[in-house]
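All remarks here apply to the structure that follows.
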There are 2 protein chains.
Amino acid sequence: MKKFINDPTTVLADALRGVQAAVPGVRVDLDNRVILRADAPRSGKVGLVSGGGSGHEPMHGGFVGPGMLDAACAGEVFTSPTPDQMLAATKAVDGGAGVLHIVKNYTGDVLNFEMAAELASAEGIRVESVVVADDVAVEDSTWTAGRRGVGTTVILEKIVGAAAEAGQDLDAVKALAEKVSANGRSMGVALTSCTVPAAGKPTFELPDDQMEVGVGIHGEPGRHREALASAREIARMLVDPILHDFDASGPAIVMLSGLGGTPLIELYLLYGEIAPLLAAGGVDAKRILVGDYITSLDMAGASLTVVKADDELLRLWDAPVETAGLRWGA
Amino acid sequence: MKKFINDPTTVLADALRGVQAAVPGVRVDLDNRVILRADAPRSGKVGLVSGGGSGHEPMHGGFVGPGMLDAACAGEVFTSPTPDQMLAATKAVDGGAGVLHIVKNYTGDVLNFEMAAELASAEGIRVESVVVADDVAVEDSTWTAGRRGVGTTVILEKIVGAAAEAGQDLDAVKALAEKVSANGRSMGVALTSCTVPAAGKPTFELPDDQMEVGVGIHGEPGRHREALASAREIARMLVDPILHDFDASGPAIVMLSGLGGTPLIELYLLYGEIAPLLAAGGVDAKRILVGDYITSLDMAGASLTVVKADDELLRLWDAPVETAGLRWGA
């Protein structure tokens, strides 16, 4: 295992110290392992809390800041955060207008966020939740009932973040989150496994001439394995299941995220093959992200996300955002 | 070799098509393999041209756009662009105020940019050049006389880009470039080799328990190999040679760039170890970048860059920039 770590048991704590040192706009609660907007809570603003297992950076901690999340709870690598972490985050960002929990559909995340919501409610904080389940690869998986939640979460956090920043109330923000979630689909592929530091060896074995089509972001099995193919063929394996799953025609926000071990030149090359397939399917890619946004430690691979986006969603997408992972001005 | 490619011989052309499809603010000259600002040439603005071998993305093509470069010439992977490419870029961005060539110190790049400058001069375009040679690891290297040019180039392109955007003339922009170059130092480390697509196998052999300290961004040998160490020890191996090389005390812009195969969680963890060492050395890290900015294909590793930055440089750093690789508002 070749990684920049001190000790497999202190990876999360050490990485959070790095975030604290490197990112000026956030405050890191090292005890609760929560990354917070430095100016939280914002009075009268709906608070946005997400979180999940670590190892998917920049998601979620890299999306904390003006125009996006108020807090992100960091679990151990590939492990759900606890209800206590989520409660601490919820209390820290509540500015009196309620809090939305943005949850990826993994059983541990869902159960723990539900418990945290109940605990927060008991303390008088109104909490609503949205669960993202956008991965078209498989129904049910290693840690999931139903579909896994992946890349649409990134797009959702940006769009809902803009709405909360603009002063929309909790009902409106929740309805918007449901709208984004309903309009997003994702599909991934792995060329290699990842290595969890505490395990010290690859999560799964993948022969040198094979790839895993439909892989999950923790290395969960996908649809099938097959011989390593060209970028042109892989593009089709990512696009077709998405277009088969819903009518994606019309304007959209498209994200091609690397999984951590794949460099940008390959992602651009792959996007060059994806673009004409999306266009042929009627997808009008109005906004495009190519880079590392939702990762799986050091896995070589990529995931494609398509979110259908009307004028409302595009306008919120374009609103200013100031986070470590996404940043632009008005 | 597990990569998203179609054919090892078409990697650059295919990747440029991906850039063209994904990045709205640029125009890709596929014949000359030049990435240009969509609105080039800008009348009365000093044109900024950089370039080099591909495989270091987002540098340089990802830094083309308002507030940064006007054009980037893309050579084949780890191969200098030709004088013809550089001449085409120079002519395409000249708005009558002259052009600055930003060159990393590799012999091929330097010679080809010199020839391109002569050819452009013969056509009546005034060209000045700055050569970045900031890598403290070694004196002379596989493809370099003197020091190699690495991460300071990224910082320089942003700062000089802001000055050119603000209307500074060629003499002022060149002087500013020399100032940034003189104030920057870098040091890198590799945990693995990279694999050049056309070679199909790792550039060098590095045993599972070893790392290369002072590696170049093409896999050139560094200072020495030693046993894989903790992030805390590696941080010292990056910081000490820089602090030993010049008086880095005072305000600075600090960049920790991944080399392509290292995920963000490890970079933040490593930065958490670097930060206190820099502070102990008197470095006041006013602006910090952690992520992939200058890479070496799929190499696992990182490089640290420290650029001493007075108020002038910090103000130019903070000016708006709108590129695929760096983007922020006013």
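For a paramagnetic label modelled on A:T142 (point 7 Å from Cα along Cα→Cβ), amide N atoms under 18 Å away belong, within the range A:76-120, to A:76-81, A:104-110. The phi torsions of the range B:283-290, fed into the Karplus equation with coefficients 6.51, -1.76 and 1.60 and a -60° offset, translate into couplings of 7, 9, 6, 6, 9, 9, 10, 10 Hz, rounded to whole numbers, with Gly and Pro shown as x.
Over the range B:219-272, the hull volume per residue, using the convex hull of the C-alpha atoms, is 120 Å³. Counting only lysines at least 8 places from B:K201 when in the same chain, those with an alpha carbon closer than 28 Å to its own are A:K2, A:K3, A:K201, B:K2, B:K3, B:K104. Give the residues of the range B:162-193 whose amide nitrogen is closer than 20 Å to a point set 7 Å from the Cα of B:S249 in the direction of its Cβ. Backbone N within reach: B:183-185. In summary, the convex hull built on the alpha carbon positions of the range A:11-182 has an orientation-averaged projected area of 8.6 nm².
Nearest chain B C-beta to the B/A rotation axis, reported as residue and distance in angstrom, is B:G329, 0. Centre-to-centre, using Cα atoms only, the range B:84-101 and the range B:246-321 are separated by 30 Å. Residues within the reach of a label modelled at B:A172 (point 7 angstrom out along Cα to beta-carbon, backbone nitrogen below 16 Å), restricted to the range B:71-97, are B:97.
The tail of the calculated P(r) for chain A beyond 24 Å holds 50 percent of all Cα-Cα pairs. What separates the A:S230 label point from its copies, with the point 7 Å along Cα to Cβ, is 4.9 nm, written shortest first.
Of the DSSP beta bridges with both residues in the protein assembly as shown, give the percent that are antiparallel, rounding to the nearest 5.
So the antiparallel bridges amount to about 55 percent of the total.
Bridging of A:K308 to lysines at a Cα separation below 16 Å is possible for A:K158, A:K179, A:K286, once same-chain residues fewer than 8 apart are set aside.
Could you calculate the FRET efficiency of A:R126 with A:D310 from 1/(1 + (r/R0)^6), where r is the beta carbon distance between them and R0 is 41 Å, rounded to 0.05? The calculated FRET efficiency here is 0.90. Distances over 37 Å make up what percent of all Cα-Cα pairs in the protein assembly as shown? Across the protein assembly as shown, Cα pairs with separations above 37 Å total 32 percent.
Expressed in Å, the radius of gyration and Dmax of the Cα atoms of the range B:78-137 are 11.7, 39. Once the gyration tensor of the Cα atoms in the range B:184-328 is diagonalised, the equivalent ellipsoid follows with semi-axes of 26, 19, 12 Å, ordered largest first. For the range A:234-243, the Karplus equation 6.51 cos²θ - 1.76 cosθ + 1.60, evaluated at θ = phi - 60°, returns couplings of 5, 3, 5, 5, 8, 6, 4, x, 6, 5 Hz by residue, with Gly and Pro reported as x. Applying the criteria of a DSSP loop state and at most 12 other Cβ atoms within 10 Å to the GluC sites (Glu not before Pro) of the range B:91-195 yields B:E123, B:E139.
Every read-out reported here was derived from the displayed coordinates using simple, explicitly stated rules and does not represent laboratory data. Model, not experiment: these values are computed from the prediction. Neighbour counts run over all protein chains shown; Cβ positions are idealised from the backbone, glycine included.
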